Each structure stands twice: as structure tokens, then as C-alpha cells.
Amino acid sequence: GENVEQHPSTLSVQEGDSAVIKCTYSDSASNYFPWYKQELGKGPQLIIDIRSNVGEKKDQRIAVTLNKTAKHFSLHITETQPEDSAVYFCAANAGGTSYGKLTFGQGTILTVHP
Amino acid sequence: NAGVTQTPKFQVLKTGQSMTLQCAQDMNHEYMSWYRQDPGMGLRLIHYSVGAGITDQGEVPNGYNVSRSTTEDFPLRLLSAAPSQTSVYFCASSRDSSYTFGSGTRLTVV
């Protein structure tokens, strides 16, 4: 089955700095890679995703890059703000299933210091 | 739209008790799933359903049952609660891999 590894487990940055979180996956059939943000006491919320036919996708201050050859993808947050502090999860769709069946990474606790 | 609604938000059970965690979505999504979240382990898939009448096991299905009689509802049943099932449970629905999660049920088994 799919295995997703996420690093680092914790990340502390100063406001205005950039933050990068990296994930690797094992299943070469995976073709959908979302990122979720989870705030305290809430469910995960989709913030950005990428499919295997593109290498990079941007949405304002966040971007995701994908290297299918190396089986890794990364989340980049620029100009971080205190409200970016949360737990971030990467995921991959096991077996390339169209309906999802996501396998998640272990999560990264991001803290942005004012 | 309410999205994905989970009830209850909190529950304490004694070992051996049974209960049902409710999940309902109003987005007409075909795909629904249950995850449990434990510290340092991310979210692990318990059971999932690709449509009404169809369910399948995920990564950690033991001790849990599901059914999908309608598109909207996907309840999760704990047959005989154990302390190892203490966790936060999330229900999610999707149409094309883009998941919408509920706000979770925090379950403690004593």
C-alpha cells in the first residue's frame, strides 16, 4: 500500500519568513497530492492540491511542487503570518484511485512567531 | 450548506460499551470515509464507501463497523469499546478526491 512520510514534524519560523514542508510517497500510481491545514479543535481543511500532470501550483502565498520521478512533493508558504500557525498534513491517493482513499503524512506543527 | 456534520462532538464510554458515531453530508458526494487521528500518527483510514450500499475496509478497521444505506449518511459503529479506541474521529466526503472533513468526534474509552 501507499506510505507517505512527512518532514519536519515541527517547524518554527519568524513572521515574514518562508516555511517549507516536504513529503515523500511510495506508490508510483498515486496521482493526486493535497495539503490540509488543521487548526486546534477543527477538522482538516484543504488549502492546495496538485495532480501529477503539473509540476507546480501557486495560490497567493502558498505553492506546491511535485517531482514524480523522485516521488516527493513540497508545500511552500511565503511571507508567513501568525495565523498560518497550525498543523499541516500532506496526502496521496493510494493506487491512483479517482475517488480519493487518501493516505496521510504524520503532520507538521508550524509555529509562526510575531 | 452544512457540509459534513458529525455528532456527537465529545463522548466518554466505558470499556465494552457500544456506540454509533454519526456522519451526514449534504453535498451529494458519492465517496465517504472515516479516519482516526492519534498524536504523531496523522490520520488513518478506518472504513470507506464509494457509494450507497458499498463499503470497504481501510488501514485500521478492527473493532469498527460501517454501513451506507443512503448517499447522505455514513455511521461508524464501535462494537465493544476498548481503551485503544480513544482517539479523535473524522468523517470526510468527496466527489473527485477533494475531501471535506467534519469537525470531529473526540472519544475517550475508560
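Of all residues in region B:76-110, which are under 29 Å from residue A:31 (Cα atoms), of a type outside the set (Gly, Ala, Ser) and either under 11 Å from the mean Cα position of the chain (by Cα) or open to solvent by 70 Å² or more (accessible area, probe 1.4 Å) (or both)? Listed by number, the residues that qualify are B:76, B:88, B:89, B:90, B:91, B:95, B:96, B:101. Does residue B:30 satisfy the criteria of being touching a Gly at 6+ places or on another chain (Cβ under 7 Å), open to solvent by 60 Å² or more (accessible area, probe 1.4 Å) and at the interface with chain A (Cβ under 9 Å from one of its Cβ atoms)? Criteria met by residue B:30. Please count how many residues of region B:34-82 are aromatic (Phe, Trp, Tyr) and over 19 Å from residue B:95 (Cα atoms). Of the residues in that region, 1 qualify. For the residues B:53, B:42, the requirement of being facing chain A (nearest Cβ under 10 Å) and of a type outside the set (Lys, Arg) singles out B:42. Listed by position, the strands (runs of 3 or more DSSP E) inside region B:22-110 whose residues that are of a type outside the set (Ser, Thr, Tyr) and closer than 22 Å to residue A:48 by Cα number at least 1 are B:31-37, B:43-51, B:87-94. As for region B:3-23, it holds at least one residue that is closer than 30 Å to residue A:108 by Cα, more than 14 Å from every other protein chain (Cβ to nearest Cβ) and touching an Asp or Glu at 6+ places or on another chain (Cβ under 9 Å). Just to verify a result, which residue in region A:1-54, among those that are open to solvent by 70 Å² or more (accessible area, probe 1.4 Å) and in contact with a Cys (Cβ under 9 Å, 6 or more places away or on another chain), is nearest to the other protein chains (Cβ to nearest Cβ)? So, considering only residues that are open to solvent by 70 Å² or more (accessible area, probe 1.4 Å) and in contact with a Cys (Cβ under 9 Å, 6 or more places away or on another chain), the one nearest to the other protein chains (Cβ to nearest Cβ) is A:7. Of the residues making up region B:54-75, those that are under 14 Å from residue B:24 (Cβ atoms) and within 12 Å of the chain's Cα centre (by Cα) number 6. Please tell me if residue B:82 is hydrophobic (A, V, I, L, M, F, W, C), at pLDDT 95 or above and farther than 28 Å from residue A:39 by Cβ. Criteria met by residue B:82. Here residue A:22 fits the description: within 10 Å of the chain's Cα centre (by Cα) and either in contact (Cβ under 8 Å) with a residue 12 or more places away in the chain or more than 27 Å from residue B:23 (Cβ to Cβ) (or both).
Of all residues in region A:55-76, exactly one satisfies the criterion of being of a type in the set (A, V, I, L, M, F, W, C) and either open to solvent by 60 Å² or more (accessible area, probe 1.4 Å) or touching a Cys at 6+ places or on another chain (Cβ under 6 Å) (or both), namely A:73. Take the conditions of a type in the set (A, V, I, L, M, F, W, C), surrounded by 20 or more Cβ atoms within 10 Å (Cβ to Cβ) and in contact with a strand residue (DSSP E or B) (Cβ under 9 Å, 6 or more places away or on another chain) and apply them to residue A:92. Does it pass? It is true that residue A:92 is of a type in the set (A, V, I, L, M, F, W, C), surrounded by 20 or more Cβ atoms within 10 Å (Cβ to Cβ) and in contact with a strand residue (DSSP E or B) (Cβ under 9 Å, 6 or more places away or on another chain).
Among the conditions (1) open to solvent by less than 20 Å² (accessible area, probe 1.4 Å); (2) part of a strand (DSSP E or B); (3) not aliphatic (A, V, I, L, M), the only one that residue A:103 does not satisfy is (1). Open to solvent by 40 Å² or more (accessible area, probe 1.4 Å) and under 23 Å from residue A:47 (Cβ atoms): is that true of residue B:53 in this structure? Answer is no for this residue.
The values are calculated or read from the model by the stated rules, or taken from the named source; none is laboratory data. Predicted model only: the values in this text are computed from it and were never measured. Positions of Cβ are generated from backbone atoms using ideal geometry, with glycine treated the same way; all protein chains shown enter the neighbour counts. Ligands, DNA and RNA are excluded from the accessible area calculation, which covers all protein heavy atoms including side chains. Shrake-Rupley method; radii C 1.70, N 1.55, O 1.52, S 1.80 Å.
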